[in-house]
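Structure, as structure tokens:
All of the numbers you see were taken from the coordinates with simple rules; none came from a lab. Model, not experiment: these values are computed from the prediction. Because the Cβ atoms are built from the backbone with ideal geometry, glycine has one as well, and the counts that use them run over all protein chains shown.
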Amino acid sequence: MPPLSSTRWFASAAVTVAAVAVAIVAMAGTTPVRAQSFPDRPVKLVVPFAVGGGTDILARELAPRLGEALGQPVVVDNRGGAGGNIGSALVANAPADGYTMLFGSNSLSINAALYRSLPFDPVKSFAPIGVVATAPLVLVTHPGLKVETVRDLLAMARARPDALNWSAPGSGTPHHLASELFNSMTGVKITHVQYKGGGPALTDLVAGQTQVGIITYASVRPYLASGRIRALAVTTADRSQLLPDLPTVAESGVPGYAVDLWYGLFAPVATPAPVVRALNAALAKVLADPAVRQRFNDQGYELAPGSPDDLATRLAADLTRSARVVTGARITAE
């Protein structure tokens, strides 16, 4: 496999990822499998992060409901480490029988840009099953900054170069990349301040030690309600269902800007097509339940049901964006 830092590889992967996914399904369709008997034992859902984090919480909300839809238990298996690479590699090397899935996220595309080499290929090692949910990020400021719109923020940042700081949880996180993308697309220089996690980053923003942040809606919601943080825009391409009155960054003066957190299910490459279809159908059944939708919305997630190709397309777009931002901002793995 060519080095993952290769610009040519990134471009090729982003263009061909959807085609690869289709080819995988077609190839897998030739593998003998009794789809009607799948699953006949518990299914493992690997979460490549530690217990208690946002990804783990979402996976544990999904697992029992997915188990009901499949007729077999879905057991969460946390395999944290190396920014998600250890758990991802475990699934990449698991038997391609549908009994081991990866609860993947933006970390797949970001790590492909951050690490010189990986023990798996984010495109060629996995068969996409489907998107589970997205989590909108919100561009927020401390109220003391006295700005009310993205245009106000841009005007201040241009008038006071190097005077403003981003509050974000660590180097190479989706929040960090979102802030660097904002800088590069607008030409402003808001300095990124690294924190050890989302909690400390948010604490300093609320206290006014930093002035600007791009943070998940779930994290900032209580502070928005109390007025201790001001929301300027959501980073998603379209307005969020959770914040319908809040404009996007793109419609607020930064055309083309779009970033969100996404979560999806992947199986090892060459998992038989009937098994992939069975897993996607079970996921679709869960996500169609209004009670599930409300539960996830209450925790700051928007459900995003769709086909394996939808997940492949999302991964492709993220690979391109992550490579561009990481290279441009010279971001390195911690």
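Amide H contacts of A304: A133, T134, each under 5 Å away and 5 or more positions distant or on a separate chain (H built 1.01 Å from N in the peptide plane; Pro and chain starts excluded). Computed from Cα positions, the angle between helix 273-287 and the longest principal axis of the chain comes to roughly 50 degrees.
Taking 0.36 nm per residue of sequence separation and removing the Cα-Cα distance, the E68/D238 pair yields an extension gain of 58.0 nm.
Here the sum of -39500 (n - 2.57) over DSSP H runs of 4 or more residues, divided by the residues of the chain, equals -13500 deg cm²/dmol at 222 nm, to the nearest 500. Pairs spanning more than 26 Å between alpha-carbon atoms, out of K44/K124; K146/K189; K124/K189: K124/K189. Summing Lys, Arg as +1 and Asp, Glu as -1, what charge do residues with Cβ under 12 Å from the Cβ of D318 carry, D318 excluded? Value of the local net charge: +2.
Which residues does the label zone of T191 cover in region 206-226, counting backbone N under 14 Å from a point 7 Å along Cα→Cβ? Label zone hits: 209-212. Looking at region 34-73, the trypsin sites (Lys or Arg not before Pro) that sit in a DSSP loop and have at most 14 other Cβ atoms within 10 Å of their own Cβ are R34. Please report the net charge: other residues with Cβ closer than 13 Å to the Cβ of R293, K and R +1, D and E -1. Every neighbour counted, the sum reads -1. What do you get for the angle between helix 308-329 and the principal long axis of the chain? Use alpha-carbon atoms, 0 to 90 degrees, nearest ten. Result, in degrees: 40. Under 17 Å from a label point set 7 Å out along the Cα-to-Cβ vector of N93, the amide N atoms of region 268-309 belong to 268-269.
Here the label points at R160 and V75, each 7 Å from Cα along the C-beta direction, are separated by 5.5 nm in the simple model. Between Q209 and S117, the modelled labels are 3.9 nm apart [label points 7 Å from Cα along Cα→Cβ].
Its Cα centre serving as origin, the chain has a Cβ charge dipole (Lys and Arg +1, Asp and Glu -1) of approximately 380 debye. Note on the chain: with a GNM built from Cα contacts shorter than 10 Å, the maximum mean-square fluctuation among G98, G130, G80 falls on G80.
As a calculated quantity, the FRET efficiency between A284 and E251 at R0 = 30 Å, using C-beta atoms, amounts to about 0.45.
Projecting the Cα atoms of P305, L283, V220 onto the charge dipole of region 194-334 (Cβ charges, centred on the Cα centre) puts V220 farthest toward the positive pole. Distant-in-sequence amide contacts of V259, defined by a placed amide H-H separation under 5 Å and a gap of 5 or more residues or a different chain, comprise T236, A237. Summing charges over all other residues whose Cβ lies under 10 Å from the Cβ of V46, with Lys and Arg as +1 and Asp and Glu as -1, gives +1. Using the Cα coordinates of the chain, the gyration tensor eigenvalues translate into equivalent-ellipsoid semi-axes of 35, 22, 16 Å, sorted from longest to shortest. Only aspartates and glutamates eight or more places from K285 in sequence, or on another chain, were considered; those with a Cα closer than 18 Å are E61, E68, E302, D309, D310.
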